[in-house]
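Trainee: One structure, as structure tokens, below. Some questions next.
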């Protein structure tokens, strides 16, 4: 019997690479084959809005526009406690702030925390240079920029994850793994099981998975890669739990209450 092939999208970043490693390399049993598509998170968000991917990493913010077209998996979430995207600059005032995409959670958090901020979009990996060179006054850093900005002479204006925790006492619900609802609940359940096994393999064989993650670390040392991976591969990644589910719903409801995003219902599997 020919196994189903699923088009799986995720970011070319160390934490996603770590999580998907065993599934990608066939080290876990799955009733489907993986056709991988690697691209930045904002592009994944837009593709998911058009239901172009079978399985994808997406921003929690984007679920306001995706709605019931995808199931949210309890496994695979990127959440942090008291940390998250960092607003950095050379001075104290944010001025013009570069953000890593309209539909990223980082942008929604900024709009909630600094509703008067003027923003412009830049590719996430160009924001630090834009701030350093004075093209913008401040920028919201995601991915490895969260741990390297001080080396570039930048200072923290606000940690949006820390701000979020002060407001809600919940983890910062940054990214999610989702499965196209039209594939059916049975397929979604199998993806959830396989991704759980992939994560378990990586956490049980960390050096092997970290070596793979290093290929996507954009120049980070092994120790920096390890630090970044374990910021977002944590207990919430294996199962977001009650607090993780509350965090997702709180973010989407708050954004809707402020009329930043449309109100939507999501299904967490």
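Trainee: Among the candidates 209, 188, single out the residue that is crowded, with 19+ Cβ neighbours inside 10 Å, touching a strand residue (DSSP E or B) at 6+ places or on another chain (Cβ under 8 Å) and touching a residue at least 40 places away in the same chain (Cβ under 8 Å).
Mentor: 188
Trainee: Still on this structure, I have one more. Can you tell me which residue in the range 105-127 is surrounded by the fewest Cβ atoms within 10 Å (Cβ to Cβ), limited to those that are touching a residue at least 60 places away in the same chain (Cβ under 8 Å), closer than 21 Å to residue 82 by Cα and out of contact with any helix residue (DSSP H, G or I) (no Cβ under 6 Å at 6 or more places or on another chain)?
Mentor: That would be 115.
Trainee: Name the single residue, out of those in the range 128-158 being more than 17 Å from the chain's Cα centre (by Cα) and surrounded by 24 or more Cβ atoms within 10 Å (Cβ to Cβ), that is farthest from residue 78 (Cα to Cα).
Mentor: 131
Trainee: Would you be able to say whether some residue in the range 228-237 is without any contact (Cβ under 8 Å) to a residue 60 or more places away in the chain, buried (at least 17 other Cβ atoms within 10 Å of the Cβ) and part of a helix (DSSP H, G or I)?
Mentor: No, every residue in the range 228-237 fails to be without any contact (Cβ under 8 Å) to a residue 60 or more places away in the chain, buried (at least 17 other Cβ atoms within 10 Å of the Cβ) and part of a helix (DSSP H, G or I).
Trainee: Here's something else I'd like to know. All but one of (1) surrounded by fewer than 22 Cβ atoms within 10 Å (Cβ to Cβ); (2) modelled with pLDDT of 95 or more; (3) within 18 Å of the chain's Cα centre (by Cα) hold for residue 198; which doesn't?
Mentor: (1)
Trainee: Under 6 Å between Cβ atoms, which residue pairs at least 6 apart in sequence (or on different chains) link something in the range 244-269 that is closer than 18 Å to residue 115 by Cβ with a partner that is not in a helix (DSSP H, G or I)?
Mentor: That search, which allows pairs on different chains as well, returns 251/60; 251/173; 255/261; 256/263.
Trainee: Please note which helices (runs of 4 or more DSSP H) are completely contained in the range 1-102 and include at least 1 residues that are out of contact with any helix residue (DSSP H, G or I) (no Cβ under 7 Å at 6 or more places or on another chain).
Mentor: So the answer is 14-24, 41-49.
Trainee: While we're looking at this one, here's another question. Restricting to the range 153-212, what's the tally of residues that are out of contact with any helix residue (DSSP H, G or I) (no Cβ under 8 Å at 6 or more places or on another chain) and on the phi > 0 side of the Ramachandran plot?
Mentor: So the count comes out to 2.
Trainee: Scan the range 252-269 for residues that are farther than 13 Å from residue 176 by Cα and under 17 Å from the mean Cα position of the chain (by Cα) and jot them down.
Mentor: 252
Trainee: Related question: Look through 31, 85 and report the one residue that is at pLDDT below 95 and either surrounded by 22 or more Cβ atoms within 10 Å (Cβ to Cβ) or farther than 22 Å from residue 263 by Cβ (or both).
Mentor: Checking each option against the conditions leaves just 31.
Trainee: Right, something else. Take residue 217 and tell me if it is part of a helix (DSSP H, G or I) and either closer than 30 Å to residue 111 by Cα or touching a residue at least 40 places away in the same chain (Cβ under 8 Å) (or both).
Mentor: Criteria not met by residue 217.
The values are calculated or read from the model by the stated rules, or taken from the named source; none is laboratory data. Here the structure is a predicted model, which is why all the values come from computation and not from measurement. Cβ atoms come from the backbone with ideal geometry, glycine included; neighbour counts cover every protein chain shown.
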